[in-house]
1. Of everything in segment 55-72, what is closer than 25 Å to G33 by Cβ and either assigned to a loop (DSSP other than H, G, I, E, B) or open to solvent by 90 Å² or more (accessible area, probe 1.4 Å) (or both)? Give them in sequence order.
2. Looking only at segment 109-139, how many residues end up being surrounded by 12 or more Cβ atoms within 10 Å (Cβ to Cβ), among the hydrophobic types (A, V, I, L, M, F, W, C) and closer than 24 Å to I28 by Cα?
3. Only one of R49, R27, R44 is open to solvent by 70 Å² or more (accessible area, probe 1.4 Å), at pLDDT 85 or above, over 14 Å from the mean Cα position of the chain (by Cα) and of a type in the set (D, E, K, R). Can you tell me which?
4. Is one or more of the residues making up segment 110-133 touching a Ser or Thr at 6+ places or on another chain (Cβ under 7 Å) and at pLDDT 85 or above?
5. Test each condition in (1) modelled with pLDDT of 90 or more; (2) surrounded by 10 or more Cβ atoms within 10 Å (Cβ to Cβ); (3) of a type in the set (S, T, Y) for S17 and report the one that comes out false.
6. Quick one: would you say G33 is touching a residue at least 12 places away in the same chain (Cβ under 8 Å), under 19 Å from T93 (Cα atoms) and part of a helix (DSSP H, G or I)?
7. Can you pull out the residues in segment 108-139 that are in a loop (DSSP other than H, G, I, E, B) and within 22 Å of A19 (Cα to Cα)?
8. Since G36 meets every condition but one in (1) open to solvent by 60 Å² or more (accessible area, probe 1.4 Å); (2) under 19 Å from G96 (Cβ atoms); (3) under 15 Å from the mean Cα position of the chain (by Cα), which condition does it not meet?
Amino acid sequence: MNAFLAPLAGGALIGASAALLLLANGRIAGISGIVGGLLGPASRDWAWRVAFLVGLFAGPALFRATAGHWPQIRIDASWPMLVGAGLLVGFGTRLGSGCTSGHGVCGLARLSPRSLAAVATFMAAAIITVFLVRHGLVR
């Protein structure tokens with residue numbers, strides 16, 4: 001049952017935080033846009049951006065405080081593969097004008113056609129990638 005409740009609670013918290021940010025600040029909870037706005041020249045709205053990012057990084061520490069151990073993360077990819085994947089994700093967020101959190105969580109909830117196209121593209125790329133990796137066509 002915990003395998004069902006923990007993801008459900010996590011999804012509910014993500015949705016609630018995205019809704020709260022939109023209602024309180026009129027901002028979309030897209031991580032790439034939040035970080036990009038923080039790194040931009042003379043950002044006037046840096047305080048909420050920093051608070052949002054501190055909250056993201058504090059999540060694992062909160063998990064440790066409540067569960068008594070750090071979340072278990074297993075990564076089977078090599079460092080070059082991780083760096084390449086990170087660069088591709090960064091390029092994709094610029095090309096798609098947002099990331100999965102902005103388009104998938106917030107954009108779809110607002111019925112944005114651009115977000116629907118972006119999420120369809122994310123999902124198609126993910127399905128193709130999994131197929132290629134699982135069938136040994138890419139290592």
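1. Let us first name the residues in segment 55-72 that are closer than 25 Å to G33 by Cβ, namely 55-62.
Within segment 55-72, F57, L62 meet the criteria.
2. Going through segment 109-139 one residue at a time, the tally reaches 8.
3. Working: R49 fails: open to solvent by 70 Å² or more (accessible area, probe 1.4 Å); R44 fails: at pLDDT 85 or above.
Answer to the check: R27.
4. Residues of segment 110-133 touching a Ser or Thr at 6+ places or on another chain (Cβ under 7 Å): 122.
From what's left, at pLDDT 85 or above: 122.
Within segment 110-133, one or more residues are touching a Ser or Thr at 6+ places or on another chain (Cβ under 7 Å) and at pLDDT 85 or above.
5. Evaluating S17 over (1) modelled with pLDDT of 90 or more; (2) surrounded by 10 or more Cβ atoms within 10 Å (Cβ to Cβ); (3) of a type in the set (S, T, Y) leaves (1) as the failure.
6. Values: touching a residue at least 12 places away in the same chain (Cβ under 8 Å): yes; under 19 Å from T93 (Cα atoms): yes; part of a helix (DSSP H, G or I): yes.
So G33 passes the test.
7. Within segment 108-139, the subset in a loop (DSSP other than H, G, I, E, B) is 110-112, 135-139.
If the condition is that a residue be in a loop (DSSP other than H, G, I, E, B) and within 22 Å of A19 (Cα to Cα), then R110, L111, S112 are the ones that fit.
8. Among (1) open to solvent by 60 Å² or more (accessible area, probe 1.4 Å); (2) under 19 Å from G96 (Cβ atoms); (3) under 15 Å from the mean Cα position of the chain (by Cα), G36 violates only (1).
The values are calculated or read from the model by the stated rules, or taken from the named source; none is laboratory data. These figures come from a predicted structure and were not determined experimentally. Cβ atoms come from the backbone with ideal geometry, glycine included; neighbour counts cover every protein chain shown. SASA here: full protein model, heavy atoms, side chains in, ligands and nucleic acids out. Shrake-Rupley method; radii C 1.70, N 1.55, O 1.52, S 1.80 Å.
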